[in-house]
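Below you'll find the structure, written out as structure tokens, and then a few comments.
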Amino acid sequence: MELKQIVTGFTGTENCSITPITNGLINTTYWVENKDSEEKFILQRINTQVFQFPEIITRNHILINEMLAGGDYPLQPVIPKPTLAGNFIVKDEEGGSWRMLSFIEDTRTFFKIPDIKTAYESAKAVGCFLNMINPEHLPDIQPPIPDFINFEKRILDYQASLRYANEDLLKNAGPQIEMMDKLLFLPQKWIEMEKNGLLPKRIIHGDPNVRNILFDENSRPLAVIDLDTVTVSTILYDFGDMARSYTNTLDEDDGNAENNFNPQIYRTVKDGFLLYLKDKLTFEELENLDYAAQTVIYIQAIRFLTDYLNGNTYYATKYANHNLDRTRNQLELLKGLREYLRVD
């Protein structure tokens with residue numbers, strides 16, 4: 001099935017221009033302009049290796065938009081476009097799943113936080129989004145990726161990789177394995193808190209990276225996008241991942257990174273995140289923000305290391321030690337955060 005046939009399933013016309021967008025990390029993405037109506041859209045082939053049930057992420061997206069529309073949300077929502085048949089997914093001949101989303105004009109994106117102001121505005125935008133999608137009674141949001149925030153499983157996967165990894169890989173990663181084992185207590189507290197019901201279940205974004213925020217030409221946030229990872233978990237995860245991705249002064253592939261943690265951005269992210277959420281969060285959530293930042297960095301490091309020991313089967317890599325370099329980078333980031341927080 002050609003791209004224009006897929007587009008026709010949504011728009012009813014083949015009179016469209018279709019342009020690839022190559023900076024996506026998971027889905028295959030195109031920019032579409034309907035020449036008849038002059039409307040513009042985003043067309044995506046959903047990566048079903050990651051999102052096995054495309055209908056779940058579409059349904060979640062619609063539920064989120066309903067909550068945003070029901071309040072005084074200051075940002076623009078991204079709206080799924082139905083097909084002519086009233087569905088939200090078009091299947092191609094290979095069984096691939098395609099969707100179409102509204103396009104927001106005159107926007108820019110960042111792949112790294114450029115300055116303190118953008119860090120604050122980004123964190124504020126995410127906090128506003130989370131505040132709007134967490135009413136007293138949560139809708140039936142389904143997990144798009146099973147066990148994505150199951151830290152107990154992440155640890156078990158890591159320990160399995162230690163048992164079965166090639167001896168050369170184990171030797172090469174020796175210092176990183178030693179550090180991981182030394183800090184294994186970090187996720188254990190998280191796991192126990194969840195088991196004991198100390199962390200309220202909330203709707204979270206799941207990937208609140210700055211690349212998932214659209215900005216205007218003056219670097220003001222216009223939209224929080226990429227809702228595929230929206231799920232129900234602890235809101236501490238979103239804060240932790242923002243702290244992890246925003247405060248790193250270097251590319252996460254840099255295995256020689258030193259002093260890559262930016263404490264000023266960390267303080268700024270916390271302030272922006274809490275602007276809309278402070279009165280909604282419980283004592284346990286507020287008291288564990290710093291802890292959450294440490295733990296999410298640790299878990300990302302252990303995911304990189306696990307993949308390295310498994311032979312680089314999950315993350316895309318450009319060279320043999322790519323995931324090991326990513327592990328080193330995250331551990332250096334964690335070191336900087338823990339020194340700033342003055343924890344042992």
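The values are calculated or read from the model by the stated rules, or taken from the named source; none is laboratory data. Since the structure is predicted, the reported quantities are computational estimates derived from the model, not experimental observations. No Cβ is skipped: glycine too gets one built from the backbone with ideal geometry, and neighbour counts run over all protein chains shown. Accessible surface areas use protein heavy atoms only, side chains included; no ligands, DNA or RNA. Shrake-Rupley method; radii C 1.70, N 1.55, O 1.52, S 1.80 Å.
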For region 28-145, give the magnitude of the charge dipole about the Cα centre (Cβ charges: +1 Lys/Arg, -1 Asp/Glu; no others), in debye to the nearest 20. 300 debye
Roughly how compact is region 198-284, stated as its Cα Rg over 2.2 N^0.38 Å to two decimals? 1.19
Under the 7 Å Cα-to-Cβ spin-label approximation, Ala69 and Arg267 lie apart by a distance in nanometres of 4.3 nm
Taking Cα atoms only, helix 263-277 is inclined relative to the longest principal axis of the chain by an angle, in degrees rounded to 10, of 50 degrees
In range of the label at Asp344: residues from region 183-213 whose backbone nitrogen is under 17 Å from the point 7 Å along Cα→Cβ: 183-186
Quick check: the distance between the Cα centres of region 135-164 and region 165-217, to the nearest angstrom? 11 Å
For the chain, what is the accessible area per residue in Å² when the probe is 1.4 Å? 48 Å²
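At most 12 other Cβ atoms within 10 Å and a DSSP loop assignment: could you name the GluC sites (Glu not before Pro) in region 1-48 that fit? Mind dumping the intermediate values first?
Values: sites: Glu2, Glu14, Glu33, Glu38, Glu39; in loops: Glu2, Glu14, Glu38, Glu39.
Answer in residue order: Glu2, Glu38.
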In nm, give the distance between the simple-model label positions of Ser37 and Asn15, each being 7 Å from the Cα along the Cα-to-Cβ direction. 1.3 nm
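Once the piece of chain linking Phe111 and Lys171 is laid out straight, how much longer is it, given 0.36 nm per residue of separation minus the C-alpha distance between them? Kindly include the intermediate steps, with their values, before the conclusion.
Details: separation 60, 0.36 × 60 = 21.60 nm, distance 3.35 nm.
The Phe111-Lys171 span can extend by a further 18.2 nm.
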Taking the full set of protein chains and a 1.4 angstrom probe, give the accessible area of Phe111 in square angstrom, rounded to the nearest 10. 120 Å²
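Remind me, relative contact order of the chain in percent, using alpha carbon pairs under 8 angstrom and six or more residues apart?
18 percent
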Between the residues Trp31, Ile62, Thr83, the Cα farthest towards the positive end of the dipole of region 1-131, that dipole coming from +1 and -1 charges on the beta-carbon of Lys, Arg, Asp and Glu, is from Ile62
In degrees, nearest 10, the alpha-carbon axis of helix 185-195 is tilted away from the dominant principal axis of the alpha carbons of the chain by 60 degrees
Given a 10 angstrom Cα cut-off, can you work out which residue in Ser161, Ser219, Ser37 is the most mobile in a GNM of the chain? Ser37
So which residue, out of Gln264, Gln176, Gln44, gets the largest mean-square fluctuation from a GNM of the chain using Cα contacts under 10 Å as springs? Gln264
If I model a spin label as a point 7 Å beyond the Cα along the Cα-Cβ vector, how far apart are those points for Thr28 and Leu275 in nm? 3.9 nm
As an exercise, identify the GluC sites (Glu not before Pro) in region 240-344 lying in DSSP coil whose Cβ has no more than 12 other Cβ atoms within 10 Å. Glu258
Residue-averaged [θ]222 nm for the chain, counting only DSSP H segments that reach four residues, each worth -39500 (n - 2.57): -14500 deg cm²/dmol
Working with all protein chains in place, sort Phe103, Phe261 by solvent-accessible area computed with a 1.4 Å probe, largest first. Phe103, Phe261
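Roughly how big is region 241-339's charge dipole about its Cα centre, with Cβ charges of +1 (Lys, Arg) and -1 (Asp, Glu), in debye to the nearest 20?
80 debye
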Tyr340 accessible area, nearest 10 Å², 1.4 Å probe? 80 Å²
Rounding to the nearest 10 and keeping the result within 0 to 90°, find how far the Cα-based axis of helix 235-246 lies from the longest principal axis of the chain. 80 degrees
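With +1 on each Lys and Arg Cβ and -1 on each Asp and Glu Cβ, how big is the dipole of the chain about its Cα centre, in debye rounded to the nearest 20? Can you show the working numbers first?
On the way: 35 positive and 50 negative charges, 85 e Å.
Dipole size: approximately 400 debye.
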Ignoring ligands and nucleic acids, what accessible area does Leu286 show with a 1.4 Å probe (Å², nearest 10)? 60 Å²
Report the extension gain between Asp147 and Leu198 in nm, rounded to one decimal, defined as 0.36 nm multiplied by the number of residues separating them, less their alpha carbon distance. 16.5 nm
Which FRET efficiency value, to the nearest 0.05, do you get for Asn218 and Asp251 by plugging their Cβ-Cβ distance into 1/(1 + (r/R0)^6) with R0 = 22 Å? 0.25
